[in-house]
1. Taking the condition of being among the hydrophobic types (A, V, I, L, M, F, W, C), assigned to a helix (DSSP H, G or I) and either touching a strand residue (DSSP E or B) at 6+ places or on another chain (Cβ under 6 Å) or exposed (fewer than 13 other Cβ atoms within 10 Å of the Cβ) (or both), how many residues in the range 48-98 meet it?
2. Does Asp31 count as of a type in the set (Asp, Glu) and in contact (Cβ under 8 Å) with a residue 40 or more places away in the chain?
3. Of the residues in the range 1-27, how many are of a type outside the set (D, E, K, R), assigned to a loop (DSSP other than H, G, I, E, B) and surrounded by fewer than 10 Cβ atoms within 10 Å (Cβ to Cβ)?
4. In the list Arg52, Arg12, which residue meets the criterion of being among the basic types (Lys, Arg), in contact with a Phe, Trp or Tyr (Cβ under 7 Å, 6 or more places away or on another chain) and closer than 22 Å to Leu74 by Cα?
5. Residues Asp62, Asp77, Asp31, Asp35: which one is within 28 Å of Arg12 (Cβ to Cβ) and either in contact with a Pro (Cβ under 7 Å, 6 or more places away or on another chain) or among the acidic types (Asp, Glu) (or both)?
6. Return the residues of the range 1-25 that are among the small types (Gly, Ala, Ser) and more than 21 Å from the chain's Cα centre (by Cα); say none if nothing qualifies.
7. Within the range 28-47, which residues are of a type in the set (Gly, Ala, Ser), assigned to a loop (DSSP other than H, G, I, E, B) and either in contact with a Lys or Arg (Cβ under 8 Å, 6 or more places away or on another chain) or closer than 25 Å to Asn93 by Cβ (or both)?
8. Scan the range 4-27 and give yes if some residue there is at pLDDT 95 or above and closer than 21 Å to Ile81 by Cα, otherwise no.
Amino acid sequence: MRQLDPSVTAKRPLVFCAYSTGVVEGGELSDSHYDTLLRLQEWGFPVNPEMRRVTGLQGCIDYYQQLEKKRPALGYDIDGIVFKVDSRQQQQNLGFCV
């Protein structure tokens, strides 16, 4: 993405997708990471349409297999999948920092 010549970067079809939030001041968000992303989407932020909430190991495996089948037809490259614990409190307990 980074180039010495900004006109090279300007020609690239870059798209922003919200995957999380940073520090939130003056308001509160849900403890659910998934619900927070849905709220960001309601506010007009683009969120990846492939985002899903799954439960348990089998849910993760099933989602991985579904996305693996879709991968060749996606309009962008991916190098893997990130699974996140849904509870923001549990994320902090596990060591995730904002």
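The values are calculated or read from the model by the stated rules, or taken from the named source; none is laboratory data. This structure is a prediction, so every number in the text was calculated from the model and none was measured. With ideal geometry, Cβ positions are generated from the backbone for all residues, glycine too; neighbour counts draw on all protein chains shown.
1. Of the residues in the range 48-98, 3 are among the hydrophobic types (A, V, I, L, M, F, W, C), assigned to a helix (DSSP H, G or I) and either touching a strand residue (DSSP E or B) at 6+ places or on another chain (Cβ under 6 Å) or exposed (fewer than 13 other Cβ atoms within 10 Å of the Cβ) (or both).
2. Yes; evaluated as a whole, the condition is true for this residue.
3. Qualifying residue count for the region: 10.
4. Arg52
5. Asp77
6. Correct list: Ser7, Ala10.
7. Within the range 28-47, Ser30 is the sole residue that qualifies.
8. No: the range 4-27 contains no residue that is at pLDDT 95 or above and closer than 21 Å to Ile81 by Cα.
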